[in-house]
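Heads up, the thing below is written out as structure tokens.
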Amino acid sequence: MGNKMNVNQLTEELNAWVAGDQDTHVLIMNFRDACEQAQLPQKYSDVLESVLSRLESSSLFTEESCSFSKKDLAAALGLWLEKAQQASVNKNN
């Protein structure tokens with residue numbers, strides 16, 4: 001059915017974003033698309049949107065804002081990706 005999440009691609013994009021080689025808005029769009037295509041339970045979408053909204057807010061600042069650390073946001077997305085992958089695998093078994 002093609003609803004398996006491409007975790008490796010998202011991980012590469014996340015790492016590129018941390019390194020400054022990926023546009024924030026492209027990263028956000030790709031995570032949203034992946035979540036939608038994987039057809040994960042609603043709670044995964046809710047958590048992802050929470051992280052992505054902070055990411056969108058942080059992109060409005062050129063420097064690290066005191067509220068949102070790029071490292072913390074990357075860690076949150078990495079954790080979400082790990083949990084979403086587990087849910088995707090469990091759903092498809």
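Pairing each residue of region 34-49 that is closer than 13 Å to Lys91 by Cβ and without any contact (Cβ under 8 Å) to a residue 40 or more places away in the chain with any residue that is among the small types (Gly, Ala, Ser) and outside any helix (DSSP H, G or I), provided the two are 6+ apart or on different chains, yields C-beta distances under 8 Å for Gln37/Gly2.
The numbered conditions (1) without any contact (Cβ under 8 Å) to a residue 12 or more places away in the chain; (2) out of contact with any helix residue (DSSP H, G or I) (no Cβ under 7 Å at 6 or more places or on another chain) are all true for His25 except (1). Of all the residues in region 78-89, those that are open to solvent by less than 30 Å² (accessible area, probe 1.4 Å), among the aliphatic types (A, V, I, L, M) and at pLDDT below 90 number 1.
Which of the residues belonging to region 17-32 are under 14 Å from Leu77 (Cα atoms) and surrounded by 13 or more Cβ atoms within 10 Å (Cβ to Cβ)? Once the filter is applied, which keeps residues that are under 14 Å from Leu77 (Cα atoms) and surrounded by 13 or more Cβ atoms within 10 Å (Cβ to Cβ), region 17-32 yields Trp17, Val18, Thr24, Leu27, Ile28, Asn30, Phe31, Arg32.
Quick grid of which residues meet (1) assigned to a helix (DSSP H, G or I); (2) acidic (Asp, Glu); (3) at pLDDT below 90:
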{"site": "Ile28", "(1), (2), (3)": "yes, no, no"}
{"site": "Phe31", "(1), (2), (3)": "yes, no, no"}
{"site": "Cys35", "(1), (2), (3)": "yes, no, no"}
{"site": "Lys43", "(1), (2), (3)": "yes, no, no"}
{"site": "Ser50", "(1), (2), (3)": "yes, no, no"}
{"site": "Arg54", "(1), (2), (3)": "yes, no, no"}
{"site": "Glu64", "(1), (2), (3)": "no, yes, yes"}
{"site": "Ala76", "(1), (2), (3)": "yes, no, no"}
{"site": "Lys91", "(1), (2), (3)": "yes, no, yes"}
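When only residues in region 33-50 that are open to solvent by less than 90 Å² (accessible area, probe 1.4 Å) and closer than 10 Å to Ala87 by Cβ count, which is farthest from the chain's Cα centre (by Cα)? Selected residue: Pro41.
The values are calculated or read from the model by the stated rules, or taken from the named source; none is laboratory data. These figures come from a predicted structure and were not determined experimentally. Every residue, glycine among them, receives a Cβ derived from its backbone with ideal geometry; neighbour counts consider all protein chains shown. We work out accessible area using only protein heavy atoms, side chains counted, and drop any ligands, DNA or RNA first. Shrake-Rupley method; radii C 1.70, N 1.55, O 1.52, S 1.80 Å.
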